[in-house]
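Remarks on the structure that follows.
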Amino acid sequence: MLLKCLLSLYAFLLFWGTIGLFVFPSLLIYFLVYLFKRYPQDVFQFLSSVIYRIFFKLLPIVDLNLDIKENMPDGAIYIATHQSNLDYPILGSFIPRYLTVTNLNFTKIPFASYVGKLIGARSLNKNNLGEIAIMYQELENILKEQRNIIIFPEGTRSNGEKLGKFKKGSFRLAIKTKSPIIPIIIDGTVKLLAKGDPCFKTLHKSEVKVTMLDPIYPENFDNEQELLNYTHKVMEYENNRD
């Protein structure tokens, strides 16, 4: 148990240490291009994706296997299964120009909040209807400008055994903005780091398989519920294949 917790501490220091090495050069580049790019945070986000890839290369217990499409559409809603906090940097390592919504509240730490926004993360209070409405409008605008969204439709982390019930928000957005949905199955992170556990569950190298499925186009469905049901069925089949 002690070794597993020490490995978790190493992973924590590695992750934030790597970010620390890159954050100030990234911020410098961000401010240099601020006046010349509509979305200067794209530069910061790209450098963050490099950080994530370095992190997983240096984390000895993760064997990351990415099966993703060569031509990924823009203006898409990428929805993924969710087993662990490791899922965020995994998706951020290969999805470009995105915004993602998280339940993690980092707004009380000013610098972390600022960097989080540059990386593309938004902290959402589910009990604040006004905040939800503002976030929903921002997501709409992002999609209309051919940028991407990452959402975990289950709304929370699962044990990886069964796909949970989907929330309707991402499917309502897809119907309204006519944006394609790109399902992603993440399998294996729960074997490394479970919900509520600060320590890794193993010291052995484990495969984390990430599979991107074919796009699902909302114009082929009559309403958001029909789109939700079909997407859940497709993802549940793929999630249970192994």
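The values are calculated or read from the model by the stated rules, or taken from the named source; none is laboratory data. Being a predicted model, the structure only gives us computed values, none of them experimental. When we count neighbours, we look across all protein chains shown, and the Cβ atoms used for this are built from the backbone with ideal geometry, even at glycine. Heads up: the accessible areas ignore ligands, DNA and RNA and are worked out on the full protein's heavy atoms, side chains in. Shrake-Rupley method; radii C 1.70, N 1.55, O 1.52, S 1.80 Å.
Quickly run through the range 123-145 and pick out the residues that are modelled with pLDDT of 80 or more and among the polar types (S, T, N, Q).
Gln137, Asn141 - these are the residues of the range 123-145 that are modelled with pLDDT of 80 or more and among the polar types (S, T, N, Q).
Cβ-Cβ below 7 Å, separation at least six or inter-chain, first residue in the range 57-76 and closer than 13 Å to Pro96 by Cα, second open to solvent by 60 Å² or more (accessible area, probe 1.4 Å) and of a type in the set (S, T, N, Q): which pairs?
Asp74/Gln146; Gly75/Gln146
Out of everything in the range 215-242 that is acidic (Asp, Glu) and either closer than 19 Å to Tyr10 by Cα or free of Cβ contacts under 8 Å to residues at least 12 places away in the same chain (or both), what residue ends up being surrounded by the most Cβ atoms within 10 Å (Cβ to Cβ)?
Looking at the filtered set, the residue picked out is Glu226.
Can you pull out the residues in the range 164-191 that are within 15 Å of Tyr230 (Cβ to Cβ), open to solvent by less than 10 Å² (accessible area, probe 1.4 Å) and not small (Gly, Ala, Ser)?
Scanning the range 164-191 gives Phe171, Ile181, Ile182, Pro183.
Counting just the residues of the range 59-106 that are part of a strand (DSSP E or B) and open to solvent by 40 Å² or more (accessible area, probe 1.4 Å), which one comes out farthest from Ile185 (Cα to Cα)?
Filtering the range 59-106 for residues that are part of a strand (DSSP E or B) and open to solvent by 40 Å² or more (accessible area, probe 1.4 Å), the one farthest from Ile185 (Cα to Cα) comes out as Asp63.
For Glu224, which of the numbered conditions (1) out of contact with any Phe, Trp or Tyr (no Cβ under 7 Å at 6 or more places or on another chain); (2) at pLDDT 90 or above; (3) within 22 Å of Ile150 (Cβ to Cβ) fails to hold?
All conditions are met except number (1).
Does the range 138-163 hold any residues that are assigned to a helix (DSSP H, G or I) and either at positive phi or crowded, with 21+ Cβ neighbours inside 10 Å (or both), and which are they?
Listed by number, the residues that qualify are Leu139, Ile142, Leu143.
Can you tell me how many residues in the range 192-209 are in a strand (DSSP E or B) and open to solvent by less than 20 Å² (accessible area, probe 1.4 Å)?
Residues in the range 192-209 being in a strand (DSSP E or B) and open to solvent by less than 20 Å² (accessible area, probe 1.4 Å): 1 in total.
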